[in-house]
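The values are calculated or read from the model by the stated rules, or taken from the named source; none is laboratory data. None of these values were measured; they are calculated from a predicted model. Here the Cβ positions follow ideal geometry from the backbone for every residue, glycine too, while neighbour counts run over all protein chains shown.
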Amino acid sequence: MNDPVIKDAPEEWEIRSSSTPFTGNKTSVRTDEVVMPDGTVAGRDYQVHPGSVAVLALDDEDRAVVLRQYRHPVRQKLWEIPAGLLDVPGENPLHAARRELYEEAHVKAEDWRVLADVYTTPGGCDEAVRIFLARGLSDAEGDRFEVEHEESDMELARVPVADLVRGVLSGELHNNCLVVGVLSLVAARAGEGLDALRPAEAPWPARPFEA
């Protein structure tokens with residue numbers, strides 16, 4: 001028996017019909033009638049999402065820029081890394097990541113790499129997130145971005161990576177981008193090193209973009 005190839009691959013099963021019972025401001029809900037391998041047809045409801053970017057911004061003291069924000073669906077204030085939506089179809093994710101780092105932390109970075117590409121909840125949502133590593137931090141120029149809604153109550157901090165790892169493994173930190181970003185950073189350091197990470201403009205089939 002041959003060992004399986006451990007690599008995700010594109011595949012699309014036949015869709016007999018599709019409808020959109022709900023359309024919101026940024027996302028919608030779609031219902032597809034999908035033909036299963038045994039020939040039966042089953043309904044699948046899922047959230048249609050434009051995609052997101054997140055940034056693990058690391059300073060010279062090995063501290064990550066994190067923020068604490070209220071998230072209503074889970075009724076918690078979560079510590080997170082800067083992140084945001086891809087607001088425009090085909091938007092370059094690096095441009096979006098730079099924007100989010102500026103808007104949420106008023107920081108800019110010189111060195112950008114791709115840490116990981118993930119689907120957040122592929123059983124019920126098509127959201128794809130690209131998580132960047134940003135190094136060579138400095139204060140951004142100009143006025144701070146004006147925040148509103150949940151962001152008006154946001155806290156900002158710089159936390160040692162080792163403390164974040166402990167928080168993840170102890171079950172005290174739950175935001176998926178923070179968890180994936182921090183543990184990917186540790187794995188990259190233990191492997192070929194951070195300079196071996198993919199370049200910031202690496203292709204992203206889940207959300208194709210213009211350079």
Filtering segment 159-189 down to residues that are surrounded by fewer than 16 Cβ atoms within 10 Å (Cβ to Cβ) and within 14 Å of residue 133 (Cβ to Cβ) yields 186, 187, 189
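Table: residues versus (1) among the acidic types (Asp, Glu); (2) in a strand (DSSP E or B); (3) touching a Ser or Thr at 6+ places or on another chain (Cβ under 9 Å); (4) within 30 Å of residue 137 (Cα to Cα).
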| residue | (1), (2), (3), (4) |
| --- | --- |
| 20 | no, yes, yes, no |
| 25 | no, no, no, no |
| 33 | yes, yes, yes, no |
| 43 | no, yes, yes, no |
| 56 | no, yes, yes, yes |
| 68 | no, yes, no, yes |
Checking the conditions here, which among 4, 10 is under 20 Å from residue 121 (Cα atoms) and assigned to a loop (DSSP other than H, G, I, E, B)? 10
Quickly run through segment 12-62 and pick out the residues that are in contact with a Lys or Arg (Cβ under 9 Å, 6 or more places away or on another chain), under 30 Å from residue 81 (Cα atoms) and small (Gly, Ala, Ser). 51, 52, 54, 57
Which of the residues belonging to segment 28-53 are hydroxyl-bearing (Ser, Thr, Tyr), free of Cβ contacts under 8 Å to residues at least 40 places away in the same chain and surrounded by 10 or more Cβ atoms within 10 Å (Cβ to Cβ)? 28, 31
Can you run down the residue pairs with Cβ atoms below 6 Å, 6 or more apart or on separate chains, where the first is in segment 62-91 and outside the structural domain of residue 27 (by TED's automatic domain parsing) and the partner is among the small types (Gly, Ala, Ser) and exposed (fewer than 14 other Cβ atoms within 10 Å of the Cβ)? 66/157
Out of 148, 201, 192, sole residue that is modelled with pLDDT under 95, of a type outside the set (S, T, N, Q) and surrounded by fewer than 15 Cβ atoms within 10 Å (Cβ to Cβ): 148
Those residues that are part of a loop (DSSP other than H, G, I, E, B) and among the acidic types (Asp, Glu), I need them from segment 182-211; list them, please. 192, 201, 210
Does any residue of segment 57-72 turn out to be surrounded by 20 or more Cβ atoms within 10 Å (Cβ to Cβ), of a type in the set (D, E, K, R) and in contact with a Phe, Trp or Tyr (Cβ under 8 Å, 6 or more places away or on another chain)? no
